[in-house]
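Here is the structure we will look at, set down as structure tokens.
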Amino acid sequence: MLPEVPDRALAELGRTEGGADTLALLVRDQDTRRMILLRAVLDAAETAGPQVCSDAGRTRLRQDWALLAEADRADRARGRPSSARARLVQPLTGPWAGRCRRGLGKAGTTEAERRELARDLAYFSTLAAVAAARAGIAFSTRLTPRDGLLALPSLGALRTDADETAVEAVHDNGVLTLRRPGARDVVVHLERDTGAWSAASAWTSAYALPGLLPGARPMPLEDLDPYRVPSPGPGRHALGAAPDDTERKRWLQAWSAVASVLRTGGEHRLTETLALLRCLVPLQSPPDPDGRGSCSATRHEAFGALLSSVPATPVAFAATLVHELQHCKLAALAEMVTLHRADSTARYFAPWRPDPRPYDGLLQGAYAHLGLADFFQRRALTQEGDGPRSTSAWIQHARYRAQVGAALPALVGSPHLTVRGRAFVDEMVVAYERMADHPAPRGHTARAQAYVKAARALWTQRHPLAPPTNR
């Protein structure tokens, strides 16, 4: 039985906040769902016909599960957290498991789909091998490269030059040896938390940024995992090449000041980042004349992962975190609580989008913008008299608050809200109205409202058959 969401937690989340207990509730629920999904994949493989999953494939999955179970027992015997569970609940395990479940559910699988499913299922062996190596177990297993790369999450990747012949992986006492016919052995030495060192040029170590605060876990920069973005890519944005030393320095420079910036927007922004963010997935920066373009996203099935291009500044990085983690929180909550029963018809005006939005999209967007309005107002109030920095924060606060104000009437007035959904939206209104206690300078507010008015007029011209019902 999955846990219920207490009214207190629902109220905190409605205000885009969330104490440690509330955030831990979301994390536990998502971790449980990921383990249930994995169990569903293994069960589906056991019952699938041979045209979907071969006997050899099923045997391999059982062996992988046995290795994971051995790793779990070894860690527990030493009084350590389970490496196996940690590996299975990592964000990017979710997209892989979802892909496998969809592949196993196809009754009329084609030959091409069957080959692709076999490659996906074979990835389970790498998860088991990494968990066992982290647990200190001696083992030997066979791993399958994909598109010329054998990716070992949290360790690194071996380039095989399009050769997808199975690689024998032998681990003993923190040393992993990777063997291929006709190639020299690659000897890899595990490092703590993230990464593994090797003198072989074919090996690329995984990389992590330092912990957000002293003592916090390192933040993996996931540039090697084959399931890190949806295929063929996240919307109009694409993966860049694996970050080189120069780009990693840019990530590090932006990341190193994020904690202090988040604090200026409220201690709860730092708390939610520490609780929810588990990895960063680098994206290619979109074309931009001044070189400051950026893109970011979250994936519903990869709770805890943030996809982003290199942020231009620590402030931009912090704002991206606030924005995307609100999406993360609301998506997790919506799996635990039915907030509304609206359909997916795109009919609502959203000042931040040129196209009509369905009710759920409007709710998601307004919630994220409400978090940003709160963040920038708090920054402005902590920087009063600080010249351009305070002015910039007020400008952004005024814009985001005006956008939320344009969306709230449709959210509040919807007949599709459930009882708990109405309580949640009412708390959004409380947070919105509370900001009026410390208004932005009048000029910034007037310009923000004028912008929203112009956006509404243009939207109405472009979509005459979808009237802005959130007047």
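Taking into account only those residues within the stretch 426-442 that are out of contact with any Lys or Arg (no Cβ under 6 Å at 6 or more places or on another chain), of a type outside the set (A, V, I, L, M) and assigned to a helix (DSSP H, G or I), which is surrounded by the fewest Cβ atoms within 10 Å (Cβ to Cβ)?
If we take residues in the stretch 426-442 being out of contact with any Lys or Arg (no Cβ under 6 Å at 6 or more places or on another chain), of a type outside the set (A, V, I, L, M) and assigned to a helix (DSSP H, G or I), then Asp437 is surrounded by the fewest Cβ atoms within 10 Å (Cβ to Cβ).
Under 7 Å between Cβ atoms, at least 6 apart or on separate chains: pull out the pairs that start in the stretch 43-64 with a residue that is among the hydrophobic types (A, V, I, L, M, F, W, C) and end on any residue that is assigned to a loop (DSSP other than H, G, I, E, B).
Ala44/Gly105; Ala45/Cys53; Val52/Thr109
Considering every residue within the stretch 111-124, establish whether at least one is small (Gly, Ala, Ser), within 20 Å of Thr59 (Cβ to Cβ) and within 26 Å of the chain's Cα centre (by Cα). Give the steps one after another, and end with the answer.
Of the stretch 111-124, the ones small (Gly, Ala, Ser) are 112, 118, 122.
Those still in the list that are within 20 Å of Thr59 (Cβ to Cβ) too: 118, 122.
Next, only the ones that are within 26 Å of the chain's Cα centre (by Cα) stay: 118, 122.
Scanning the stretch 111-124, I find at least one residue that is small (Gly, Ala, Ser), within 20 Å of Thr59 (Cβ to Cβ) and within 26 Å of the chain's Cα centre (by Cα), so the answer is yes.
Criterion first (at pLDDT 85 or above and buried (at least 19 other Cβ atoms within 10 Å of the Cβ)) does Leu213 satisfy it?
On the way: at pLDDT 85 or above: yes; buried (at least 19 other Cβ atoms within 10 Å of the Cβ): no.
No.
Do we find that Arg76 is free of Cβ contacts under 8 Å to residues at least 24 places away in the same chain and over 24 Å from the mean Cα position of the chain (by Cα) in this structure?
Yes; evaluated as a whole, the condition is true for this residue.
Looking at this structure, is Ala122 assigned to a strand (DSSP E or B), touching a Ser or Thr at 6+ places or on another chain (Cβ under 7 Å) and not hydroxyl-bearing (Ser, Thr, Tyr)? Lay out the reasoning, then the answer.
Details: assigned to a strand (DSSP E or B): no; touching a Ser or Thr at 6+ places or on another chain (Cβ under 7 Å): yes; not hydroxyl-bearing (Ser, Thr, Tyr): yes.
Here the answer is no, as Ala122 does not meet what is asked.
Within the stretch 129-180, track down each residue that is farther than 17 Å from Arg60 by Cα, in contact with an Asp or Glu (Cβ under 7 Å, 6 or more places away or on another chain), of a type in the set (Val, Ile, Thr) and not in a strand (DSSP E or B).
Ile137
Kindly provide the set of residues from the stretch 374-420 that are outside any helix (DSSP H, G or I) and loosely packed, with under 15 Cβ neighbours inside 10 Å, ordered by number.
Taking the stretch 374-420 first, the residues outside any helix (DSSP H, G or I) are 383-387, 414-418.
Result: Glu384, Gly385, Asp386, Gly387, Pro415, His416, Thr418.
All but one of (1) under 26 Å from the mean Cα position of the chain (by Cα); (2) among the hydroxyl-bearing types (Ser, Thr, Tyr); (3) open to solvent by 10 Å² or more (accessible area, probe 1.4 Å) hold for Tyr367; which doesn't?
(3)
Are any residues in the stretch 259-280 more than 14 Å from Pro218 (Cα to Cα) and open to solvent by less than 30 Å² (accessible area, probe 1.4 Å), and if so, which ones?
Quick first cut of the stretch 259-280, residues more than 14 Å from Pro218 (Cα to Cα) only: 260-272.
Passing the criteria: Val261, Leu262, Gly265, Gly266, Arg269, Leu270, Glu272.
For the stretch 1-117, which fully contained helices (runs of 4 or more DSSP H) count at least 1 residues that are open to solvent by 70 Å² or more (accessible area, probe 1.4 Å) and more than 30 Å from Ser140 (Cβ to Cβ)? Break it down stepwise before answering.
Working: elements: 7-14, 20-47, 55-77, 83-88, 93-104.
Filter on the stretch 1-117 gives 7-14, 20-47, 93-104.
Working only within the stretch 247-258, note down all residues that are open to solvent by less than 40 Å² (accessible area, probe 1.4 Å) and either more than 19 Å from Asp223 (Cα to Cα) or of a type in the set (Ser, Thr, Tyr) (or both). Write out each step before concluding.
Keep residues of the stretch 247-258 that are open to solvent by less than 40 Å² (accessible area, probe 1.4 Å), which gives 251, 254-255, 257-258.
Residues satisfying the conditions are Ala257, Val258.
The values are calculated or read from the model by the stated rules, or taken from the named source; none is laboratory data. Please read all numbers here as calculations on a predicted model, not as lab measurements. As a convention, Cβ positions derive from the backbone with ideal geometry for all residues, glycine included, and neighbour counts pool all protein chains shown. Heads up: the accessible areas ignore ligands, DNA and RNA and are worked out on the full protein's heavy atoms, side chains in. Shrake-Rupley method; radii C 1.70, N 1.55, O 1.52, S 1.80 Å.
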